[in-house]
Each structure stands twice: as structure tokens, then as C-alpha cells.
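Shown next, in C-alpha cells, is the structure this report addresses.
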Number of protein chains: 2
Amino acid sequence: MKISERSAMALATRLLIQRNALTEHAECQARVLVEAELKGHPSHGLQRLPRIIARIERGHIDPRTKGEGFWRAEAVWDVDGRSGLGPVVAMAAVERLAERVVTSGIAIAAIRNNNHLGMLAHYVEHIAERGHVGVAMSSSEALVHPFGGTRAMLGTNPIAIAVPTAGRPLVLDLATSTVSMGKIHHYAATGRPMPEGWARDAEGKPTTDAARAKSGSIAPFGDAKGYGLGIAIEVLIAALAGSALAPDICGTLDAEALCNKGDILIVVNPKAAPELAQRLSDYLDSVRTSPPSEAGRPVAIPGDGASLRRAAALRDGFDIEPSLWDALNALSLSPSSVLEGQSF
Amino acid sequence: MKISERSAMALATRLLIQRNALTEHAECQARVLVEAELKGHPSHGLQRLPRIIARIERGHIDPRTKGEGFWRAEAVWDVDGRSGLGPVVAMAAVERLAERVVTSGIAIAAIRNNNHLGMLAHYVEHIAERGHVGVAMSSSEALVHPFGGTRAMLGTNPIAIAVPTAGRPLVLDLATSTVSMGKIHHYAATGRPMPEGWARDAEGKPTTDAARAKSGSIAPFGDAKGYGLGIAIEVLIAALAGSALAPDICGTLDAEALCNKGDILIVVNPKAAPELAQRLSDYLDSVRTSPPSEAGRPVAIPGDGASLRRAAALRDGFDIEPSLWDALNALSLSPSSVLEGQSF
């Protein structure tokens with residue numbers, strides 16, 4: 001079934017307000033989930049909302065805090081997320097960085113004790129909209145085995161980068177795993193075999209059986225290099241944020257524990273130079289129009305696909321499983337339970 | 001043949017001083033090349049010295065400048081390299097960042113008009129030795145085709161990251177291409193076929209013939225994700241440094257033109273937290289001792305191999321092609337030509 005952005009925002013915001021979220025916080029969290037749907041990434045969309053709600057109800061998310069930060073150095077915003085909603089804490093940090101970067105030129109937020117951010121693209125896009133270069137990184141539970149290893153020791157450790165241009169910004173958002181655990185769950189649900197090389201089972205053996213992979217580990221993308229990038233992000237985040245390392249991380253995938261992963265956000269002011277933004281756009285256009293390896297499939301710039309899908313979804317709505325939409329609606333509280341929710 | 005670190009440093013330094021380099025600059029450039037040899041990366045080692053010398057002799061490198069910089073914002077060191085020796089300009093920038101980061105917590109250098117840096121690991125290691133997290137990126141000539149494309153549109157765009165720990169730092173240094181052009185030249189010289197998927201020829205067709213690949217393009221590592229990272233680094237460097245984009249870059253591989261690529265260096269002060277450095281070391285050790293996929297081949301942390309090779313090479317010397325060593329010695333100028341060199 002098709003859902004409009006407006007209906008999705010209204011429902012997600014309402015469900016969160018019913019759990020005692022400030023309206024502004026509910027809208028911020030709903031926006032991140034709905035944006036993922038609009039961009040065609042349902043793994044980071046509304047299917048995450050029931051878990052967020054369960055986490056609020058169990059006290060693992062405080063939907064009324066923005067976290068607490070201080071400038072531990074002139075350009076380093078040190079944040080204790082105080083178990084706030086991930087996007088609320090992160091967006092509050094982005095605001096502080098955007099102010100500071102006017103004089104410092106570069107500023108970084110190092111965040112611990114914060115909940116899941118959802119798609120990192122959202123944050124760096126927001127930064128790029130103001131004309132800044134943005135970088136975001138997050139750590140996660142141990143889900144990825146090292147190159148040459150067999151046991152899950154690393155998080156999926158995504159990184160996002162956005163660079164503004166005279167036209168559409170470049171927006172990169174990638175996990176350093178070959179695939180997401182969400183995709184493996186999707187294969188498991190449908191019973192289809194996975195491509196070789198994606199995952200290992202709990203005993204560390206390569207498997208194409210998604211059901212076995214769920215308790216095992218995912219391969220890093222790009223062999224040794226992708227593994228190298230993933231583990232560098234892992235220790236870089238912990239070194240800067242003081243957050244936990246993958247084997248000790250919990251709370252991004254479950255509703256059982258406080259979340260102790262780390263997030264890094266960086267904002268940089270581009271060089272002010274004549275025609276530079278236009279030169280970047282022209283370059284990206286020259287890559288887009290360079291000869292494709294497959295006729296009729298033009299070369300893409302990171303962010304192009306998401307941007308096109310988003311425009312279409314804003315016009316036509318986005319697809320959602322009717323069972324998920326029903327489940328979300330069923331989470332709406334009656335007036336009496338709303339009162340209970342507010343006394344939480 | 002085996003060469004000692006001391007002999008290599010002495011020869012390389014002498015050759016550069018004979019071309020009018022300041023002693024300190026000659027030692028800095030020689031150190032970067034010799035360190036690559038010690039770490040087992042001869043593609044970034046002394047074989048690059050004849051071209052550096054030719055570039056000095058043609059006026060494409062000024063071996064007496066450190067470049068000129070200014071703080072374009074409190075934490076952004078904006079550098080015009082003035083065609084100095086790459087490592088000299090970059091190390092001078094690292095010194096400025098190391099001073100500034102004491103108060104700013106994070107600082108970045110954006111460098112244009114600088115010559116080739118050699119192995120980026122060298123710079124971030126230097127940063128990590130002082131207890132800081134280091135990140136380095138460089139752009140280059142168009143050598144890499146986009147994922148889904150067939151024409152060289154991107155540089156090899158390497159990135160290096162070092163994170164200090166209580167033990168050996170993690171030191172990542174990777175090009176975003178599947179292989180280096182140096183390796184393709186090596187295959188071409190030996191006539192061996194290359195593995196499939198490494199490269200395309202000048203017409204954009206996949207090839208395993210290294211001779212044809214030399215005039216073609218290299219594949220990005222890790223398919224769409226590696227391409228995404230490579231093009232994000234490409235535009236990020238240009239946006240921050242105001243340097244050229246790959247199709248317009250020259251001067252890193254040839255002796256014909258001034259070098260117009262860009263370099264980015266970032267220094268960040270880690271969080272001061274009890275036991276954090278030890279926790280990072282313990283984590284890396286747990287990854288090293290996690291079960292390997294191949295018995296007897298333990299999981300490696302980025303930088304481990306280079307560190308072991310360096311220790312062995314400092315003890316036993318490093319291997320060099322006798323023809324290269326002879327060629328380098330032949331570049332030594334007689335006393336009369338030294339005088340010419342100094343009047344250059």
C-alpha cells in the first residue's frame with residue numbers, strides 16, 4: 001500500500017507524543033524515519049518505530065532530553081546523550097557545530113549514551129543544506145567479522161559524507177559491512193539463499209543460509225580495505241567519544257538495554273573561492289555523463305538515487321507493508337492510556 | 001640486494017641537497033621514501049626519487065620552500081604549497097595543527113599546489129605518536145573509473161587514519177582503487193596477466209592485459225561503496241582546499257607539469273578518559289586473537305604488517321633492485337656539477 005509523507009509523519013509523531021515525547025522531539029525522530037522511507041530505505045524507516053516505542057516504555061529512551069554537552073575544547077562538543085532519542089541528540093549537536101564553525105572553520109561533536117540515529121545521510125544533508133561539508137559516523141553492536149576472521153568483532157560502522165555544490169550535493173552513506181543485518185533478516189524471512197561471501201554462521205563457517213547467518217556475522221565490504229576502514233572507524237569513534245567498542249555495545253538492535261555506542265559529527269566550512277561550487281557541480285555532471293559500462297544505466301553520484309526516489313515518493317507516496325502500517329496504527333493509545341503514557 | 005636504512009637515507013638526502021634542497025627538507029623527503037621501503041611498499045619508495053629530482057631540475061618543485069599558510073578560520077590552516085617538496089609542506093602543516101589542537105581540540109589543514117606526499121601513513125603515524133588521532137587524504141590524476149563507468153574520472157584518492165592506543169597505534173592507509181597504477185606497471189613489466197576486475201583499457205573494455213590497462217583505468221575497490229568513498233574524498237578535498245579535480249590534475253606522476261592536486265590533514269585530540277587508551281589496545285588484541293578463517297594466519301590490524309616489516313628492515317636492511325640502486329648512485333653529481341646544481 002502507498003502512504004503519503006504527511007500521513008506517515010502524523011502517525012509517527014502522534015505515537016511518540018503519546019509516549020511523552022516533546023512535540024519537537026517527536027517530529028525530529030519521525031522525520032528521520034520517514035525520510036528513510038521516502039528515499040527507499042525501509043530498513044531504516046518506520047519498521048524501527050515499534051522498537052523505539054518499546055524502548056521509551058521500558059525507560060531505555062528518555063524522549064524529553066536533548067542530552068547534555070559542553071565544549072571540551074574550542075571546537076569539540078562533548079555530548080552525553082542521556083539516553084535521548086538518537087536524532088534529537090544528534091540534531092541538537094549539529095546546531096551547536098553550525099554556530100561554532102562560523103569562527104572555528106571546523107567543529108566536531110563526540111557523542112556517547114545516545115540512541116540509534118537512523119540513516120546518517122539525514123544529518124550530513126542537513127549540514128550540506130547550510131553550505132557546509134558534513135561527516136557522520138556511528139558504531140554498533142558486533143555484527144561484522146574481520147577480513148581473515150570468522151567472529152563478529154566490529155560494528156557495521158557506517159560513515160556518511162555530504163559536500164555541497166552549486167547543484168545537488170554529493171551525499172554518501174554507507175555501512176562498512178557488505179550488507180545490513182536488516183537485509184539478512186529479509187532473506188531469512190523469504191527463505192531465499194543469499195549470495196556467497198555475505199556472511200558466516202555462528203561457528204564461523206561461510207553460509208548462504210540467512211537463518212544461520214542471523215546468529216553469525218556479516219563480511220566487511222571490499223575485503224581487507226573495507227575491513228580496515230571499518231575497524232579504523234570503530235576505534236576512532238571510541239577514542240573521541242569514550243563510547244563502548246563493538247563487543248560491549250548493546251541497545252541499538254534490542255529493546256533490553258541502554259544504548260552505549262558512539263556517534264561522531266563533523267562540520268567544516270568549505271573554502272571560499274570563486275566558482276568553486278560550480279566547478280564541483282560541473283565535475284559531478286561530467287562523471288554522470290561519462291560512458292557507462294552497461295548501456296542505458298548512467299553512472300550515478302552518491303545520493304542521486306535517494307534524491308530521485310524521494311521526489312517520486314513526495315508526489316506519489318511510498319510503499320509500506322500493510323501489516324506494518326496496521327501494527328503502527330495499533331500502537332496508538334486510547335485517551336486513557338495516553339494519560340498513563342504521560343505519567344511515565 | 002639489501003640496503004641499510006642509514007645508507008638509503010644518506011644517498012637520498014645527498015641527492016636532494018645536491019639539487020639545492022635545504023638539509024632539513026632533503027631529510028624530510030628522504031625519510032618518507034625510505035620509510036615506505038622499510039614498511040615493504042617500494043611503489044612509494046626510492047623508485048620515486050629520480051622523478052622528484054627531475055621535477056626539481058625542471059623547476060616543478062621548489063626544494064627550499066615550506067609553502068605559505070594562514071589560519072583562514074581558528075582551526076583551519078589554509079596552505080599554498082608553492083610547489084614545495086610534498087612531505088616538507090605537509091609536515092610543516094602538521095606542526096601548525098599540533099600546536100593549534102591544544103586549544104581547539106580539532107584542526108585541519110587544506111593544502112593546494114603541493115607535490116606528492118608519498119605514503120600517507122607516515123603523516124598520521126607522526127600525529128598518533130603525539131597522542132592525537134590523525135586523518136590524511138590526497139587527490140590525484142584521473143586513474144579510476146566510476147562503479148558502473150568505463151572512463152578514468154577519479155583519482156586513486158587515498159585516505160589514512162591513525163588512532164593512538166596504549167600499545168601500537170592502528171594505522172590505516174588505503175587507496176580507493178582496487179590496486180595502484182604502480183602494481184599495474186609491475187604486471188606490465190613482467191608480462192603476467194592481471195586478475196579479472198582490476199582494470200579497463202583505453203576503450204573502456206575490461207582487460208587482464210596490464211600493458212593495455214596502463215592507458216586505461218583502474219576499478220574502484222569494493223564496487224559501489226568503494227567508488228562512493230573515492231568520489232566523496234575527491235569532492236571533499238577540492239571543496240576544502242580549492243584544488244583541482246581529477247580530470248584536471250597533473251604533476252604527481254609526470255615530470256612535465258606543476259602539481260595541482262589537494263591534500264587534507266586533520267588532527268583531533270582524543271577524549272581524556274580513564275583507561276580509554278588501554279581499552280582500545282585490549283580491543284585490538286581481542287580482534288588479533290579472534291578465530292582466523294585460515295589456520296595459522298591470524299587476523300591483522302591495519303598497520304601491523306608494516307610495523308613488523310619495518311622492524312625487520314631496520315635490523316637486516318631492505319631489498320632493492322640493484323638497477324635502481326645503481327641508477328640512484330648515478331644521479332650523484334660531481335663536485336663541479338654540484339656547484340651548477342646550487343646555482344640552479
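Here are some notes:
- When the surface is traced with a 1.4 Å probe over the full set of protein chains, B:R212 keeps roughly 110 Å² accessible.
- Solvent-accessible surface (1.4 angstrom probe) belonging to B:F318, in square angstrom, nearest 10: 10 Å²
- Computed FRET value (nearest 0.05) for B:V102 with A:R130, which takes r as the C-beta separation and R₀ as 22 Å: 0.20
- Sequence-distant residues sharing a close amide H with B:D62 (under 5 Å, placed H): B:G84, B:L85
- For A:A199, residues with placed amide H under 5 Å, excluding near neighbours: A:T207, A:A219
- Segment A:S307-A:A202, length gained on full extension (0.36 nm per residue, minus Cα span): 34.0 nm
- Relative contact order of the range A:178-219, pairs being alpha-carbon contacts under 8 Å that are 6 or more residues apart, as %: 42 percent
- Net charge in the neighbourhood of B:I237 (other residues with Cβ under 12 Å of its Cβ; Lys, Arg +1, Asp, Glu -1) is +1.
- Per residue of peptide B:271-283, the mean number of Cβ atoms on other chains within 10 Å of the residue Cβ is 4.
- Inter-label distance for B:L258 and A:L314, nm, one decimal - labels placed 7 Å from Cα along Cα-to-Cβ: 4.3 nm
- Highest-MSF residue in chain A out of A:A295, A:A311, A:A152 [GNM, Cα springs under 10 Å]: A:A295
- Cα gyration tensor shape for the range B:185-344, rounded if a/c is under 1.5, else prolate or oblate: rounded
- Think of it as helices only: each DSSP H run of n ≥ 4 in chain A is worth -39500 (n - 2.57), and spread over all residues that comes to -13000 deg cm²/dmol at 222 nm.
- Net charge over other residues, Cβ less than 12 angstrom from the Cβ of B:G228 (K, R count +1; D, E count -1): -3
- Listed by chain and number, the lysines placed with their C-alpha closer than 16 angstrom to that of A:K2 are A:K39; residues fewer than eight positions away on the same chain are left out.
- Centre separation in Å (Cα based) which lies between the range A:1-73 and the range A:99-153: 18 Å
- Each distinct pair of alpha carbons in the range B:138-196 adds a 1/r term; the inverse of their mean, the Kirkwood radius, is 13.6 Å.
- Amide H to amide H distances under 5 Å link A:E74 with B:S104, B:G105, where only residues 5 or more positions off or on other chains count and H is placed in the peptide plane.
- With a simple spin-label model that places each label point 7 Å from the Cα along the Cα-to-Cβ direction, the separation between B:M1 and A:T23 comes to 8.2 nm.
- Distance to the A-onto-B rotation axis is smallest for one chain A Cβ; residue and value in angstrom are A:G222, 1.
- Each residue of the range A:133-144 is assigned a 3J(HN,Hα), and the resulting list reads 7, x, 10, 9, 9, 9, 9, 7, 3, 5, 10, 10 Hz, derived from the Karplus form 6.51 cos²θ - 1.76 cosθ + 1.60 (θ = phi - 60°), x at Gly and Pro.
- Charge context of A:T207, other residues only, Cβ under 12 angstrom, K/R +1, D/E -1: 0
- Which listed pairs, of A:K271/B:K225; A:K205/A:K225; B:K66/B:K225; A:K271/B:K183, have C-alpha distances above 31 Å, in listed order: B:K66/B:K225; A:K271/B:K183
- Prolate/oblate/rounded call for the protein assembly as shown, Cα gyration tensor, a/c under 1.5 rounded: prolate
- Here is what passes the span test in chain B: the DSSP H helices with alpha carbon length of 15 Å or more along the helix axis and a Kyte-Doolittle mean of 1.0 or above are B:223-241.
- Prolate/oblate/rounded call for chain A, Cα gyration tensor, a/c under 1.5 rounded: rounded
- Residue among B:A73, B:A277, B:A175 with the largest mean-square fluctuation in a Gaussian network model of chain B, springs linking Cα atoms under 10 Å: B:A73
- Rg/Rg_ref, the range A:178-219, where Rg_ref = 2.2 N^0.38 Å and atoms are Cα: 0.93
- Candidates A:Y123, A:Y283, A:Y227: whichever shows maximal mean-square fluctuation once chain A is modelled as a Gaussian network with Cα springs under 10 Å: A:Y283
- Approximating the spin labels as points 7 Å out from Cα along Cα→Cβ, the B:D282-to-B:A211 distance works out to 5.9 nm.
The values are calculated or read from the model by the stated rules, or taken from the named source; none is laboratory data. Not measured: the values here are computed from a predicted model. Neighbour counts are summed over all protein chains in view; Cβ atoms, including those assigned to glycine, are modelled from backbone coordinates with ideal geometry. Keep in mind that these areas ignore ligands, DNA and RNA; they rest on the heavy atoms of the full protein, side chains included. Shrake-Rupley method; radii C 1.70, N 1.55, O 1.52, S 1.80 Å.
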